[in-house]
Amino acid sequence: MEFIHARWWRCRESFGFGSSLEVCEDVGGGIPAVTAEYDVTGVVTNTDYEPYATERDQAVTALLATKGVWFVAYKIRSFSKGGSA
């Protein structure tokens, strides 16, 4: 978690983003709380293919849609030592 926070903070300072980092362990309670506290317009995340994660992301997408918030997940590409994906 410290690594993520440090990277986010560096981006925020470098680019002047007026954003916040929130960690929600409870999707059902966390998403409504965050969207009520902040003016959330969109959520960007990485794609996770674990069964729990795909169910969670579907639930998050549905919850955010009721608030008019978009949700997009990007596939993270990793490269082996040889340079192929």
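Residues of the range 16-46 being charged (D, E, K, R) and at pLDDT 70 or above, which ones?
25, 26, 37, 39
Which of (1) out of contact with any helix residue (DSSP H, G or I) (no Cβ under 8 Å at 6 or more places or on another chain); (2) closer than 23 Å to residue 10 by Cα; (3) not in a helix (DSSP H, G or I) does residue 45 not meet, given it meets every other one?
The single condition residue 45 does not satisfy is (1).
Is there any pair with a first residue in the range 46-71 that is over 19 Å from residue 36 (Cα atoms) and a second that is surrounded by fewer than 11 Cβ atoms within 10 Å (Cβ to Cβ) whose Cβ atoms are under 7 Å apart and which are 6 or more apart or on different chains, and what are they?
46/74; 46/76; 47/74; 47/75
The values are calculated or read from the model by the stated rules, or taken from the named source; none is laboratory data. None of the values given here were measured: they were computed from a predicted structure. Positions of Cβ are backbone-derived with ideal geometry, glycine not excepted, and every protein chain shown enters the neighbour counts.
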